[in-house]
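Below is one structure, written out as structure tokens; the observations come after it.
The values are calculated or read from the model by the stated rules, or taken from the named source; none is laboratory data. Remember, it's a predicted structure, so these values are computed and weren't measured experimentally. Here the Cβ is made from the backbone with ideal geometry for all residues, glycine too, and neighbour counts use every protein chain on show.
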Amino acid sequence: MANALGPTIDALWRMESPRIIAALTRMLRDVGLAEDMAQDTLVSALEHWPRDGLPDNPAAWLMAAAKRKAIDRLRQQQLHRRKHEQIAHELDEQAMDAPDDSDRLEDDIGDDLLRLIFIACHPVLPLESRVALTLRLLGGLSIEEIARAFLQPEPTVAQRIVRAKRTLAQQQVAFEVPRWDALGERLEAVLEVIYLVFNEGYAATAGQDWMRPALCEEALRLGRVLAGLMPQAPEVWGLLALMELQASRAKARLDARGEAVLLLEQDRARWDRLQIARGLQALERAQRLGGTFGPHALQAAIAACHARALRAVDTDWPQIAALYGVLATVMPSPVVELNRAVAVGRASGPQSGLELLAPLQAHPQLQGYPQLPAVRGDLLEQLGRRAEARQCFEQAARLTRNAHEQAHMLARAAACADEADA
């Protein structure tokens, strides 16, 4: 019975643990203690359910059991009697398996989830700690899974999470959604974390995997949750649109041998048209809410140009180049300029792309960035300057830490050598 229930409990925990941790954090005002108590609740489920059977409403069982543990903790701490009685009264109205209270508490749970997202992504934490804590608290991922996804030692990830929770407690970070005047900056930090998780899944920076689908799925799930909690925030919809549109290409990014396939060479029949439709709907909503020029919405609009082209030759490169020009003013970045050079090279010819690329060659942020020589190699190859292109692809192969990307760059270098010898 225990083995039979294992996958069910694991799947349920992935879905329900963020809600439980959020509710407990509101009660206990300590995210670390809330997570510990949530884990205790999971242990209780693993002890009771194989013996007693799966409850009629497992989610309600978990939430009620977790809150009872929190009440016991509050009693031990001898909190103010009025606060104690208020929370205890709320709990006493729930039966362990009572499904009716779930609907009544849904609004509070939604608020709690939003607060938890802003806590996990709080700017007081280093970026890598925000990512790890978000995946742990909101994704329900184990330390082993997070470490494997980012190719880091488990003790490093565990210490990072412990330090993050300690920092939140020491800084007395409030369990609340920021006030309106601070919301923009804090929301930007939240979106940055979610997109970083997605990007690591979409194009792994290191290791043997070209993609890590679990991270893409986790980021998409968080994006959808956030859109449900903040339906009037245009950049939330912009980010969701961007992730949906990029993820729609996942099945076409590897060939039958597991080798990487470039965007323009992908079999577009393998793109997920339903996911593209969801992405376009999210983009339309972002634009309708006034977010046309938000950085994520602009990137989504670029992805939409690719999604709408049924063949690579139908791609609207002038529009993409124009969108990158706007993005470069909204979100100045050498990486944006690098992508703009690619688009201009396609729209106006590779020589125009090289001219835009020239000032980026010495940019300090792009030193050691494998995409810089890769893009230059691509433009040079289009111009027939294959010997120079080969050197660029070899340089890109040396710089990348991803095995698939390295193999791809070496293959392009070899192809340039073959063409030059022909």
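Taking residues in segment 315-329 that are more than 13 Å from A297 (Cα to Cα), and partners anywhere that are modelled with pLDDT under 95 and surrounded by fewer than 16 Cβ atoms within 10 Å (Cβ to Cβ), the pairs with Cβ atoms closer than 8 Å and at least 6 places apart or on different chains are T315/L264. Does E394 count as at negative phi, more than 30 Å from the chain's Cα centre (by Cα), part of a helix (DSSP H, G or I) and not assigned by TED's automatic domain parsing to the domain that holds G201? In short, yes.
Name the residue, out of L338, L298, L274, that is modelled with pLDDT of 95 or more, under 27 Å from E218 (Cα atoms) and either buried (at least 18 other Cβ atoms within 10 Å of the Cβ) or of a type in the set (D, E) (or both). Spell out how you get there, then give the answer.
On the way: L338 fails: under 27 Å from E218 (Cα atoms); L274 fails: either buried (at least 18 other Cβ atoms within 10 Å of the Cβ) or of a type in the set (D, E) (or both).
That would be L298, the only listed residue that is modelled with pLDDT of 95 or more, under 27 Å from E218 (Cα atoms) and either buried (at least 18 other Cβ atoms within 10 Å of the Cβ) or of a type in the set (D, E) (or both).
In the set R253, R268, R285, only one residue is under 30 Å from D112 (Cβ atoms) and in contact (Cβ under 8 Å) with a residue 24 or more places away in the chain; that residue is R285. When the residues of segment 57-75 are filtered to those that are under 18 Å from R19 (Cβ atoms) and among the charged types (D, E, K, R), the one that is surrounded by the most Cβ atoms within 10 Å (Cβ to Cβ) is K67.
Counting only residues that are assigned to a helix (DSSP H, G or I) and surrounded by fewer than 17 Cβ atoms within 10 Å (Cβ to Cβ), segment 155-185 holds 16 of them. Listed by first and then second residue, the pairs linking a residue in segment 290-314 that is closer than 24 Å to D267 by Cβ to a residue that is assigned to a helix (DSSP H, G or I) and hydroxyl-bearing (S, T, Y), with Cβ atoms under 8 Å apart and 6 or more places separating them unless they lie on different chains, are I302/Y324. Looking only at segment 280-300, decide whether some residue is in a helix (DSSP H, G or I), among the small types (G, A, S) and closer than 28 Å to A396 by Cβ. Scanning segment 280-300 turns up at least one residue that is in a helix (DSSP H, G or I), among the small types (G, A, S) and closer than 28 Å to A396 by Cβ. Only one of the listed residues (R398, R412) is farther than 19 Å from I302 by Cβ and surrounded by 15 or more Cβ atoms within 10 Å (Cβ to Cβ). That residue is R412.
Only a single item in (1) closer than 23 Å to A312 by Cα; (2) free of Cβ contacts under 8 Å to residues at least 40 places away in the same chain; (3) surrounded by 16 or more Cβ atoms within 10 Å (Cβ to Cβ) is not met by G349, and it is number (3).
Taking E388 as the residue in question, decide whether it is more than 26 Å from G201 (Cβ to Cβ), surrounded by fewer than 20 Cβ atoms within 10 Å (Cβ to Cβ) and at pLDDT below 90. Explain how you work it out, then say what you get.
Numbers: more than 26 Å from G201 (Cβ to Cβ): yes; surrounded by fewer than 20 Cβ atoms within 10 Å (Cβ to Cβ): yes; at pLDDT below 90: no.
Answer is no for this residue.
Test G384 against the stated conditions and say whether it is of a type in the set (G, A, S), under 30 Å from the mean Cα position of the chain (by Cα), more than 25 Å from G294 (Cα to Cα) and not in a helix (DSSP H, G or I). Considered against the rule, which asks whether it is of a type in the set (G, A, S), under 30 Å from the mean Cα position of the chain (by Cα), more than 25 Å from G294 (Cα to Cα) and not in a helix (DSSP H, G or I), G384 comes out as no.
Only one residue in L372, L379, L360, L323 is over 24 Å from A411 (Cβ atoms) and either buried (at least 20 other Cβ atoms within 10 Å of the Cβ) or acidic (D, E) (or both). Which one? Lay out the reasoning, then the answer.
Values: L372 fails: over 24 Å from A411 (Cβ atoms); L379 fails: over 24 Å from A411 (Cβ atoms); L360 fails: either buried (at least 20 other Cβ atoms within 10 Å of the Cβ) or acidic (D, E) (or both).
L323 is the lone residue from the list that is over 24 Å from A411 (Cβ atoms) and either buried (at least 20 other Cβ atoms within 10 Å of the Cβ) or acidic (D, E) (or both).
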